[in-house]
Amino acid sequence: MTSFRLPSKGRLNREKLISFTFDGKTYFGYEGDTIASALMANDVSVVGRSFKYHRPRGIMAAGAEEANAIAQLGTPPFEEPNVRMTTTAIQEGLTLKSVNCWPNAKYDLLAVTGILKRFFVAGFYYKVFKWPGWKFWSPMVRQMAGLGTIPKENDPSAYDHQYKHVDVLVVGAGPAGIRAALEHAKEDKQVLLVEQDHQIGGALLFEDAQIFNLSALKWIDAQKEKLQSHPNVTVMTRSTAVGYYDDNLLAVSERLTDHIDVNKVADTPREKLWHIRAQKVVLATGAIERPLVFSNNDLPGIMLASAIRTYVNRYEVSPGHKVVIATNNDDAYRTALCLQKAGVKVVALVDARQSPDGYLVHAVEDAGIEILKGHVVTEAKGQKRLSSVTVSPIDLSENVLSTMRFNLKCDLLGMSGGYSPVVHLHSQSGGKLRFDDCKLAFVPSLYVQDNECIGAANGYFELSDILSDVEPIHNSPIEALWDLPTEREDIRHAKRWVDFQHDVTSSDVNLAARENYTSVEHFKRYTTTGMAMDQGKTSNINALAILGQVTNRDIPEVGTTKFRPPYTPVTMGAFAGRKRGKLFKPIRYLALNSWHEAYDAVFDEYGIWTRPAYYKEDNETAQAAIEREVLHVRHAVGILDYSPLGKIDVRGKDAAEFLHKFYINNVKAMKVGVARYGLMLNEQATVMEDGVFSRLEEDHFWLTTTSGNAAMIAGWLDEWRQCEWPYLDVIVTPMTTGWGTISIQGPKSRKLLETLGLDIDFANEAFPHMTVRCTTLGSVEIRILRTSFTGELGYEVSMPSSYMRSMWEALLERGKELKVEPFGVEALLVMRTEKGYVHVGGDTDSATIPHDIGFGAMADRKKDDFIGQRSLTREAALQKNREQLVGLEVIGDKVLPVGGIIMANGYSAPPAPIEGRVTSSVYSPTLKKPVALGLVLNGYERMGEVINIYDFEGSYEAKITSTCFYDTKGELVHG
Amino acid sequence: MHKITCPYCGERSEEEFKYAGPSHLERPIPASEVTDSQWAEYLFMRDNIKGISLERWGHIHGCSQYFNLIRNTVTHEIYGCYQMGEQPPEGWQKLGDKK
């Protein structure tokens, strides 16, 4: 340890030495140290490099507002980029890497490129990279600029989301938040107090204060006890309220295990994202000190005055040995007193004000510390560490800087430009701000949700404003010092940093203003001020105040940009929570899944369902298996687990009239026991759904839908029922997942069904194609629809899902002699393409109307109102040039690519006008050749025409035909 | 994230609901008597309301019931709801005015 470590006052556990590495070097600290305080005690002044110019940067703050001291934390797969060293505790074996530099922060070779300065002025994104284009520049810029690196491995730790409802949510456990929490608890409210630090107390953790007869720390201990013993209060530490949304919903990011061991999977989640809904929200989020703007104010060794107090009092380390304090307000005087008390030499206190006379000013004078009133620091000097500052007299009332200047040797400068209330959450809540001319700060004005800001977050910076037990003191008022007057040549040409993390200087602000980016929202984006991961906590107010000065506007006129969540960065893991890997989205398994698995099914995802694509025999390829299954269905009989088929029950006196409004078919004319293939349109007349529906009873219809549309169509029907035709007596019941379906297809399917011994006559005349029969087997309800999506004789047998297995096994057992085999979805898709059955959504798009897929006559015949009817007579629907679904008979033996582009007549290679595309394409094992369907411009008038098709792989030829390639007379389904 | 009071279930999180377009949209029929412009008005033309908006919402992850919501698109304030087929309460246009 070095001489920077102060004698123990009991804040750190000096018994416990902890080792960690930073940029490959090992350092030691004590339990209680943050990374920042430990590095400081080890005399590490350069902790990172700046975003654009790779300037050496040191620790500037002691909390969440830190702009410079950020690091890559931990080792893969646990690493986290851009962790603030000021808010992260050290732990044994922790590894840290500085960001944006190579090979390390101290010796950064990229900094040699002083040339960078020329490129990275305000608006450089828009100016410099115009030629030869951003694509040329971006790899280089990405290499040189940026912060942190994205972890490449998956973090194995768990992350979680949790929900909570409370009466009162208090954000921030400083003196104001603690007081509010206890007061609300007394009124019998359930109170949740969240604090980003690992302990409560806020500023009292480092301020010298006397509260009645208690020291600050004793007071905190007493409050902790009160909070713990109160049954109405819950305190959450290491929990940052990061977002404030409508109706008092707040997002709180809680870090549960990182302080124990970053590089280990813990029993509990690593982080939790809480969704907290509160009746009332109290924001006691404190305030953040502002830096002063002067030349080279980003040198390591320059920090916020309050941060110095934090390091000295809370972390028992002095950030320097010879200190200068620069200020425009009384608060920084506390730093001078604190340092002197700790035995650290204060060279001088430089106060821009002519004649401050507050209580603290006198206290500093009495302590014998030199105060340079009416002076400012104009420049910091040093290499990688501050060695001296230049000071000049200033007249703030006239805004005139004297040409007289002198140097003060020092290794630490504490600066204070006043305080900005942390109004981020208030602003996110929709609340408005007003600029307080006395406090020189934006404070909350209008509230739109049930919340209030208290304490420093409301502009009450003195402890006596918050706690009545504290003796008030007289303060002299703060005076504005946003930027130095620029009459002097040495000031005008120097870099004065405004946004430390995004490397924005006062001259960038000036440049943006000269280029007329004067609206604060434009200005922000042009200069990128406040857009780094610190979200401009220390820079925003300075930037817009300077913008105001340059454009001769006062601060309220310039205004602020809206604050946006999150307040501090939140890991992607916390956002994702449990929704990773297999839990990313729910997987739906069939009721028969385990049977399919045991039978060597190869699964695939079809929409939301995981279904057997085919069943594998021995070592056959997928293609061979699918062909085998197709041929088996075509020649014998196959069964398919068709359970994802959408199933909707529609009942009620007016069921027929109701459905009549949806289908283009004449529903009212349907007889009981009859099924129809129907199309549903939306109001634009787009075909949105096709399926077989049947009339089970006069007042009872049963709809089957495309699997992917099952939930949507049920919702569609019900929304119209409730909102447009509420007078109709009808009930819509979705039953897709409750009922399973087995599709039995093939010439022997009737014989197979007959083995079940049901009380149904399956004879062709008794149970013809497109009819439905209901029965029971034992007490189990069964619905059998005679229909086909393969072109063969076929039935769809539906029953409650829990009976699927016994039915499935019974069919296989009793059908042994018929050689029944299961088949998968792929074989079905091949067969329906051979047959030219349309697949809505695949063979159609958002412009397809019934007329484009061969159902125009049916739609035109229907005179009664149905959804989409009027749009069928729109100009676009009536025009000649429409894409129509046709068959594509392939010339040659290559299977056409789905999505292959159909070129206009006369073109054999691109570029060519596009006249459609291939929508379905398979190799037909039945016909022993490839077949396809496609949407082709004016396809119906172009039968027999040979067209050229291309995709990235090559070009193809095909002849336009009707869509049906197999059993074109359609006799088999009636067999 | 709004809290929405479903008239059937009570206060619930916005996640359970679906916005289903503006309320009181008149569907013009019969088709044979509807002009192209009337139909286009119904199908496509929507007011981009700044202020108080009457909207159809469905509690689709709850009771599945649709209802009308009176909502301020600027302040996100929700003033109340009424059932399908009903008209908004009198004076709804002035709900946003400060008392």
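Things worth noting here:
- Cα centroid separation, the stretch A:953-975 to the stretch A:327-346 (Å): 90
- Cross-link reach list, lysines versus A:Lys381, counting only Cα pairs under 25 Å and skipping chain neighbours closer than eight places: A:Lys52, A:Lys106, A:Lys117, A:Lys322, A:Lys345, A:Lys373, A:Lys409, A:Lys495
- Neighbours of A:Val391, meaning other residues whose beta-carbon lies under 12 angstrom from its beta-carbon, give a summed charge of +1 when Lys and Arg score +1 and Asp and Glu score -1.
- Projected label points at A:Asp437 and B:Thr35, each 7 Å from Cα along the beta carbon direction, are separated by 6.0 nanometres.
- Nonlocal amide H pairs with A:Phe51, under 5 Å, H built at 1.01 Å: A:Asp503
- As a length-normalised measure over Cα pairs under 8 Å and 6 or more apart, the relative contact order of chain A settles at 8 percent.
- Shape of the stretch A:648-734, Cα gyration tensor, a/c cut at 1.5: rounded
- Estimated purely from DSSP H runs of n ≥ 4, each contributing -39500 (n - 2.57), the mean residue ellipticity at 222 nm for chain A is -5500 deg cm²/dmol once divided by its residues.
- Percent antiparallel among DSSP beta bridges (both partners in chain A, rounded to 5): 75
- Of A:Gly414, A:Val391, A:Val687, farthest towards positive along the dipole that unit charges on Lys, Arg, Asp, Glu beta carbons give the protein assembly as shown: A:Val391
- Rounded, prolate or oblate (a/c below 1.5 giving rounded, otherwise prolate when a/b exceeds b/c) for the stretch A:291-417 by Cα gyration tensor: oblate
- For the stretch A:648-734, the Cβ-based charge dipole about the Cα centre amounts to some 260 debye (Lys, Arg positive; Asp, Glu negative; other atoms uncharged).
- Cβ-placed point charges (K, R +1; D, E -1), dipole of chain A about Cα centre in debye, nearest 20: 1740
- Gyration tensor verdict on the stretch A:880-974 (Cα atoms; rounded if a/c is under 1.5, prolate if a/b is larger than b/c, oblate otherwise): oblate
- Chain lengthening between A:Ser397 and A:Asp600 when straightened (0.36 nm per residue, less Cα-Cα): 64.4 nm
- Only one residue of A:Pro569, A:Val83, A:Val350 has its Cα farthest out toward the positive end of the dipole of chain A, where Lys and Arg carry +1 and Asp and Glu -1 on Cβ, and that residue is A:Val350.
- Listed by chain and number, the lysines placed with their C-alpha closer than 25 angstrom to that of A:Lys186 are A:Lys164, A:Lys218, A:Lys224, A:Lys226, A:Lys280; residues fewer than eight positions away on the same chain are left out.
- Label-point gap, in nm, between B:Arg27 and A:Lys880 - each point 7 angstrom along Cα→Cβ: 3.5
- Applying the criteria of a DSSP loop state and at most 15 other Cβ atoms within 10 Å to the GluC sites (Glu not before Pro) of the stretch A:765-859 yields A:Glu765, A:Glu817.
- With Cα atoms defining each centre, the stretch A:200-214 and the stretch B:77-99 are spaced 51 Å apart in the structure.
- Those GluC sites (Glu not before Pro) in the stretch B:56-92 that DSSP places in a loop and that have at most 13 other beta carbons within 10 Å: B:Glu86, B:Glu90
- Mean Kyte hydropathy of -1.0 or more with a Cα span along the axis of at least 18 Å, helices from DSSP in chain A: A:216-229, A:622-635, A:710-723
- Residue-count net charge about B:His24 - beta-carbon cut-off 13 Å; Lys, Arg +1, Asp, Glu -1: -2
- The loop-placed chymotrypsin sites (Phe, Trp or Tyr not before Pro) in the stretch A:725-763, going by DSSP, that have at most 16 neighbouring Cβ atoms within 10 Å of their Cβ come out as A:Tyr727.
- Counted charge near A:Leu17, where neighbours are those whose Cβ lies closer than 15 Å (Asp, Glu -1; Lys, Arg +1): -2
- For A:His974 and A:Ala624, a Förster radius of 35 Å and the Cβ-Cβ distance give a FRET efficiency of 0.65, rounded to the nearest 0.05.
- Think of the protein assembly as shown as a dipole: +1 on every Lys or Arg Cβ, -1 on every Asp or Glu Cβ, centred on the Cα centre; then among B:Gly85, A:Asn948, A:Gln162, A:Asn948 lies furthest on the positive end.
- Computed magnitude of the charge dipole of the stretch A:291-417 (debye, nearest 20; Cβ of K, R +1, Cβ of D, E -1): 540
- Projected label points at A:Lys579 and A:Glu183, each 7 Å from Cα along the beta carbon direction, are separated by 3.9 nanometres.
- Working note: Karplus 6.51/-1.76/1.60 with θ = phi - 60° gives the stretch B:2-7 the couplings 5, 9, 10, 8, 6, x Hz, where Gly and Pro are set to x.
- A Förster radius of 45 Å combined with the Cβ-Cβ distance from A:Phe28 to A:Asn552 puts the calculated FRET efficiency at roughly 0.25.
- Taking the centroid of alpha carbons for each part, the stretch A:789-842 and the stretch A:447-487 are 75 Å apart.
No lab work stands behind these numbers, since they all come straight from the coordinates. The model shown is predicted, which means the values in this text are computed figures rather than measured ones. Counting neighbours? That spans all protein chains shown, and the Cβs are built from the backbone with ideal geometry, glycine included.
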